[in-house]
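Participant: My structure is below; once you've seen it, I'll send some questions.
The values are calculated or read from the model by the stated rules, or taken from the named source; none is laboratory data. Not measured: the values here are computed from a predicted model. Neighbour counts run over all protein chains shown; Cβ positions are idealised from the backbone, glycine included. Remember, those area values only see protein heavy atoms, side chains included, never the ligands or the DNA or RNA. Shrake-Rupley method; radii C 1.70, N 1.55, O 1.52, S 1.80 Å.
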Amino acid sequence: MPQIAQIAETYSSQIFWLLLTFGFVFFVVGRGMVPKIQATVEARDSKIAADLAAAKASFAGADELEEEWRAKENAARADAQAVLAEAKAKAAKVTEGQLHEADAVISAKVAAAEASVEAARSGALTQVEAVAADAAAEMVLRIAGTSVSPQAAIEAAKAALAHG
Amino acid sequence: MSGKIDPMHQFAIEPLFGTDHLALGGFNIAFTNSALYMVAAAVVLWIFVIGGSKRELVPGRWQAAVEYFTTFISSLLLANVGEGGKKYIPYVFSLFMFILLANFLGMLPLGVVGLHPFTFTSHFTATGVLAILSFSIVLIVGFWKHGFHFFSLFIPHGTPLPMIPVIFPIELISFMVRPFSLGLRLFVAMTAGHVLLKVLAGFVINSSNAGVGYGLTVGTASFILMIGISALEMLVAVIQAYVFALLTSVYINDAENLH
């Protein structure tokens with residue numbers, strides 16, 4: 001086994017070169033370069049953590065904005081509905097008033113027409129009475145040869161007309 | 001007849017480039033094949049981490065791979081030590097990646113182009129140094145932070161007073177054994193795997209040399225087994241590096257937080 005057989009003549013060389021090479025590795029690589037690599041890794045980790053936190057914050061902000069917008073929109077919708085209802089009520093009231101007015105105009109016209117019809121009828125009736133009285137007086141004159149007073153003729157005609 | 005195949009030869013340390021007698025303060029510091037693979041592991045790791053140091057906010061594949069490893073180590077320390085474990089990330093990362101690359105580089109099939117791959121983590125002279133480093137950090141941090149109170153680590157919570165003289169030495173011994181178990185575990189795992197692969201490779205070669213019949217039966221079976229064991233060794237390479245890093249962070253937790 002050379003590890004044991006050669007130990008006397010090689011131990012010093014082995015120790016010397018190992019300390020030299022490992023010393024180089026430790027001081028140049030381990031102490032010189034590894035901390036820089038560690039710093040890079042840590043900087044990256046903290047950057048990732050910060051970015052994630054920022055993303056989370058913006059996400060929460062977006063949620064908040066959406067909530068706000070939703071509330072605003074709901075309020076606007078309610079407002080619009082109120083305006084709409086008001087307008088509807090107003091329009092209904094206006095229509096009702098107009099209908100009422102028209103109704104009044106129409107009923108006035110109807111009443112006037114009815115009155116004029118009534119007047120015409122009573123006018124006609126008086127004329128019929130006069131004509132009947134005249135006719136009665138004539139008939140009396142011709143048949144009986146006596147004349148009746150126009151007043152009596154009218155009375156008689158009225159009575160006859162009233163009996164239908 | 002076939003030549004003798006020594007499955008242990010792969011662990012032999014050989015000086016390279018004529019540096020056999022290179023010395024420092026009387027100690028031989030020859031640049032060996034083992035040292036070459038240590039340098040290779042360090043350089044590959046260096047290049048790997050450079051490629052991941054672009055520091056872009058959105059990482060590319062390479063940067064993502066490097067960041068995966070640093071994050072893996074930091075979460076390992078965070079889970080085992082807590083917030084106080086963060087300052088050990090450079091050490092545990094270096095340890096884990098260095099061992100991982102050493103294990104992987106030693107498994108490269110460079111033999112097919114005539115080179116000799118070498119796994120320096122299969123030498124306890126190398127793993128022992130890493131284990132002692134980890135153990136020293138535990139001792140230094142423990143005594144630095146807690147002073148002599150660090151010895152309370154060897155008295156588990158709720159130990160009855162008369163039991164302390166018995167428990168204390170047991171806990172102390174189990175604590176002192178840690179660097180040995182840490183270093184030996186890696187060395188044994190890597191050595192065993194490589195020996196097994198080399199023995200099976202020897203079967204393939206020797207059975208083929210013995211005849212077509214032997215080659216098609218024993219050789220083919222051994223070769224299929226080698227493929228499976230190579231995959232297993234990849235897993236072992238990762239697991240052993242992970243175990244080393246994990247145990248180091250568990251021991252650091254003792255030093256940081258006592259119990």
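Participant: Report the extension gain between A:Ala87 and A:Ala112 in nm, rounded to one decimal, defined as 0.36 nm multiplied by the number of residues separating them, less their alpha carbon distance. Could you put the intermediate results ahead of the total?
Facilitator: Values: separation 25, 0.36 × 25 = 9.00 nm, distance 3.70 nm.
Result: 5.3 nm gained on full extension.
Participant: Could you provide, to the nearest whole Å², the per residue accessible area of the range B:102-157 with probe 1.4 Å? Before the final figure, lay out the partial values.
Facilitator: Details: 2720 Å² over 56 residues.
Accessible area per residue, the range B:102-157: 49 Å².
Participant: Only residues of the range B:128-151 count here: report those whose backbone N is under 16 Å from the spot 7 Å along Cα→Cβ of B:Leu24, or say none.
Facilitator: Inside the label zone: B:129-130.
Participant: While we're looking at this one, here's another question. Take the solvent-accessible surface of the protein heavy atoms, probe 1.4 Å, and return the percent of it on the range A:33-163 that carbon and sulfur atoms account for. Mind showing how you got there, number by number?
Facilitator: Details: 6630 of 10190 Å².
Carbon and sulfur together cover 65 percent of it.
Participant: With +1 assigned to the C-beta of every Lys and Arg and -1 to the C-beta of every Asp and Glu, and no other charges, what is the dipole magnitude of chain A about the Cα centre in debye, to the nearest 20? Before the final figure, lay out the partial values.
Facilitator: Numbers: 15 positive and 21 negative charges, 134 e Å.
In total the dipole reaches around 640 debye.
Participant: Determine the relative contact order of chain B: mean sequence separation of Cα pairs under 8 Å and six or more apart, normalised by residue count, in whole percent.
Facilitator: Working: 276 pairs, mean separation 64.6, N = 259.
Relative contact order of chain B: 25 percent.
Participant: Measuring from label point to label point, each 7 Å out along Cα→Cβ, what is the A:Lys158 to A:Val128 span in nm?
Facilitator: 1.6 nm
Participant: Let me ask something else about it. Using a 1.4 Å probe on the protein heavy atoms only, what accessible surface does B:Arg55 show? Give it in Å² to the nearest 10.
Facilitator: Surface accessible to solvent at B:Arg55 totals approximately 120 Å².
Participant: At a cut-off of 40 Å², which residues of the range B:73-102 become less accessible once all protein chains are present than in their chain alone, using a 1.4 Å probe?
Facilitator: B:Pro90, B:Ser94, B:Phe98
Participant: Averaged per residue, what accessible area in Å² does the range A:33-154 show with a 1.4 Å probe, protein chains only?
Facilitator: Numbers: 9490 Å² over 122 residues.
About 78 Å² of surface per residue is accessible.
Participant: Here's a follow-up. Say R0 is 30 Å: what FRET efficiency, to the nearest 0.05, do B:Leu232 and A:Leu19 get from their beta-carbon distance?
Facilitator: Values: r = 31 Å, r/R0 = 1.05.
Taking R0 as 30 Å, the efficiency between B:Leu232 and A:Leu19 is 0.45.
Participant: Which whole-Hz couplings ³J(HN,Hα) result when phi for each residue of the range B:143-159 is put into the Karplus expression 6.51 cos²θ - 1.76 cosθ + 1.60, θ = phi - 60°, listed in order with x for Gly and Pro?
Facilitator: Residue by residue, the range B:143-159 yields 6, 5, 7, 10, x, 6, 5, 4, 5, 5, 4, 8, 10, x, 4, x, 6 Hz.
Participant: Filter the cross-link list B:Lys86/B:Lys145; A:Lys36/B:Lys87; B:Lys87/B:Lys145; A:Lys56/B:Lys86 down to pairs whose alpha-carbon distance in this structure exceeds 24 Å. Can you show the working numbers first?
Facilitator: Details: B:Lys86/B:Lys145 16 Å; A:Lys36/B:Lys87 13 Å; B:Lys87/B:Lys145 14 Å; A:Lys56/B:Lys86 31 Å.
Among B:Lys86/B:Lys145; A:Lys36/B:Lys87; B:Lys87/B:Lys145; A:Lys56/B:Lys86, the Cα-Cα distance tops 24 Å for A:Lys56/B:Lys86.
Participant: Another question, if that's okay. For a quick check of understanding: with a 1.4 angstrom probe and all protein chains in place, what accessible area in square angstrom does B:Arg178 have, to the nearest ten?
Facilitator: Roughly 50 Å² of B:Arg178 is accessible to a 1.4 Å probe.
Participant: Further, regarding this structure: On the full set of protein chains, 1.4 Å probe, figure out the accessible area of A:Trp69 and give it in Å² to the nearest 10.
Facilitator: Near enough 140 Å² of accessible area.
Participant: Interface B/A, total buried accessible area with a 1.4 Å probe, nearest 100 Å²?
Facilitator: Values: alone 14810 and 13880 Å², together 24860 Å².
It comes to approximately 3800 Å² buried between B and A.
Participant: Taking amide hydrogens as modeled 1.01 Å from N in the peptide plane, which residues meet the under 5 Å criterion relative to B:Thr32, leaving out close sequence neighbours?
Facilitator: The answer is B:Leu16.
Participant: For peptide A:37-48, how many partner chain Cβ atoms fall within 10 Å of a residue's Cβ, on average? Walk me through the numbers on the way to the answer.
Facilitator: Working: counts 15, 9, 1, 11, 9, 2, 2, 6, 1, 0, 1, 1.
So the per-residue partner count for this stretch is 5.
Participant: Semi-axes of the equivalent ellipsoid for chain A, please: Cα gyration tensor eigenvalues, times 5, square-rooted, ordered largest first, whole Å.
Facilitator: Numbers: eigenvalues 3907, 35, 10 Å².
Computed over chain A, the values are 140, 13, 7 Å.
Participant: To the nearest 10 degrees, how steeply does helix A:7-24 sit against the main Cα axis of chain A, on a 0 to 90 scale?
Facilitator: With both axes taken from Cα atoms, the answer is about 30 degrees.
Participant: In a Debye calculation with equal point scatterers on the alpha-carbon sites of the range A:1-54 and no solvent, what is log10 I(q)/I(0) at q = 0.16, 0.24, 0.30 Å⁻¹?
Facilitator: So the normalised log intensities are -0.65, -0.86, -1.01.
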